[in-house]
Amino acid sequence: RRLAGRAAHGRPVTSLRFVADGSHLISAARDHKMRLWRADTGENVLVHYPDAFNMHKGMKQLALSGRGWLTRVYLPSTDGVVVYSLHTGAKLAVLKGHFGEVLCCAASPPGGDVRLFSGGEDGFVNLWVPP
C-alpha cells in the first residue's frame, strides 16, 4: 500500500539514496535539483544544494558517505563530482579528473577511510579520497 505521494521535482527523478542511519533520503532529478526528505514523514527538509545539475539524460547515481552532520553527498556532474554537506547544502569541493561528464559515483560503506569511485563518459573509473 502506498503511504504517501507528492510532486517532488519538476522533471523526472533520476536518483534516490538513503543516508546510513535511514533517517533521511536524498533525491536528484533532471530539474537540476536535489532534495532532502525525512524518511519517517516524507517531509521535504528544504536544504538548498547549489549547482546540482548534470546534463546527462539517463540516471545519475549519486553517493553518500559519513554519518550525522558529517554526511557528504557526491553528485556526478558535467564538471566533475560535486561534494556537498548533506544537512547544510554547502558545496565543499568539485573533484575533477574525467574527460567528459561524470555519470555515476559509489562510496565505501561507513566506518574506516572514505573511498569514492566515479565513472564517466570517458570509460574511466576513478578512485578518490574525498575532502
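Bear in mind that the values in this text are calculations on the coordinates, not laboratory data. Predicted model only: the values in this text are computed from it and were never measured. We place every Cβ from the backbone using ideal geometry, glycine too, and count neighbours over all the protein chains shown.
Sorting 45, 102 from the fewest to the most surrounding beta carbons within 10 angstrom yields 45, 102. Where a Cα-Cα gap under 18 Å defines reach, which aspartates and glutamates qualify for residue 60, not counting those fewer than 8 residues away within the same chain? Straight-line reach from residue 60, under 18 Å: 31, 51, 79, 101, 121, 122. Suppose we look only past 23 Å in the calculated P(r) of the chain. What percent of the Cα-Cα pairs does that tail hold? More than 23 Å apart: 28 percent of the Cα pairs in the chain.
A Gaussian network model of the chain, with springs between Cα atoms under 10 Å, assigns the largest mean-square fluctuation among 78, 14, 41 to 41.
What the Cβ-Cβ distance of residue 78 and residue 21 gives, at R0 = 41 Å and to the nearest 0.05, is a FRET efficiency of 0.85. Rounded to the nearest 20, the size of the Cβ-charge dipole of the chain about its Cα centre is 440 debye, with Lys and Arg at +1 and Asp and Glu at -1. For 46, 64, 75, the sequence from fewest to most other C-beta atoms within 10 Å is 46, 64, 75. The order of 25, 70, 116, going from fewest to most other C-beta atoms within 10 Å of their C-beta, is 70, 25, 116.
Based on the Cβ-Cβ distance of residue 32 and residue 113, what FRET efficiency does E = 1/(1 + (r/R0)^6) give at R0 = 35 Å, to the nearest 0.05? Using R0 = 35 Å, I get an efficiency of 0.65.
State the answer as a single residue: which of 86, 28, 41 lies farthest towards the positive end of the charge dipole of the chain, with beta carbon charges of +1 for Lys and Arg and -1 for Asp and Glu, about the Cα centre. Of the listed residues, the answer is 41.
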